[in-house]
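So the structure is just underneath, and the comments pick up after that.
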Amino acid sequence: MEEKEKKYKLITQNRKARHDYHILQTVEAGIALVGTEVKSLRQGKAQLKDSYAIIEAGELYLYNMHISAYEQGNIQNHDPTRKRKLLMHKRELKKLYARTAERGLTLVPLKIYFLGKVAKLELAVARGKKAYDKRQAIGERDAKREIDRKLKERRH
């Protein structure tokens with residue numbers, strides 16, 4: 001069967017994650033949110049910088065994700081950096097736990113988006129890059145950019 005292309009509205013993404021980590025695998029998880037958080041997300045007021053996920057007591061939680069307080073909210077507004085539960089099937093969670101039990105692997109959020117009316121998070125199993133890996137990646141990217149620029153000049 002042919003898989004339907006998912007239509008989603010991107011809220012924010014963690015650009016630094018691809019610079020700081022080798023992405024080994026990605027998974028999709030739902031996020032348990034309160035009402036004012038959803039309204040803030042719809043306004044695009046979220047930040048994934050320095051956030052990470054941990055499996056605690058068979059549950060998956062996201063730490064340090066910042067969702068700004070809802071401007072029209074009242075006294076029941078949410079805490080911007082509270083830990084948020086991520087929703088996944090048990091078997092997927094067990095596979096994820098087995099992967100992250102390996103030394104040096106971590107769970108890093110890549111992007112948040114709405115899939116229909118539901119907020120989703122793309123989570124990556126990743127291994128941290130060393131400083132020389134980052135320099136090498138920058139060098140490769142610059143070389144590719146230079147080659148593309150030269151090829152474009154030759155065509156015109």
*Residue check: is THR81 assigned to a loop (DSSP other than H, G, I, E, B), β-branched (Val, Ile, Thr) and either in contact with a strand residue (DSSP E or B) (Cβ under 6 Å, 6 or more places away or on another chain) or within 30 Å of LYS130 (Cβ to Cβ) (or both)?*
yes
_Suppose we filter the range 87-124 for residues that are over 18 Å from ASP50 (Cα atoms), acidic (Asp, Glu) and outside any helix (DSSP H, G or I); how many remain?_
1
*Restricting attention to the range 32-43, does a residue exist that is touching a residue at least 60 places away in the same chain (Cβ under 8 Å), assigned to a strand (DSSP E or B) and either under 14 Å from LYS120 (Cα atoms) or polar (S, T, N, Q) (or both)?*
no
*asked:* within 22 Å of ILE31 (Cα to Cα), out of contact with any strand residue (DSSP E or B) (no Cβ under 7 Å at 6 or more places or on another chain) and among the aliphatic types (A, V, I, L, M): is that true of LEU121 in this structure?
replied: no
*Taking HIS78 as meeting all but one of (1) in contact with a Gly (Cβ under 9 Å, 6 or more places away or on another chain); (2) modelled with pLDDT of 80 or more; (3) not charged (D, E, K, R), write down the number of the exception.*
(2)
*asked:* Going residue by residue through the range 70-90, is there one that turns out to be over 21 Å from the mean Cα position of the chain (by Cα), surrounded by 10 or more Cβ atoms within 10 Å (Cβ to Cβ), among the hydroxyl-bearing types (Ser, Thr, Tyr) and closer than 26 Å to LYS7 by Cβ?
replied: yes
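The values are calculated or read from the model by the stated rules, or taken from the named source; none is laboratory data. Note that this is a predicted model, so its numbers are computed, not measured. Cβ atoms come from the backbone with ideal geometry, glycine included; neighbour counts cover every protein chain shown.
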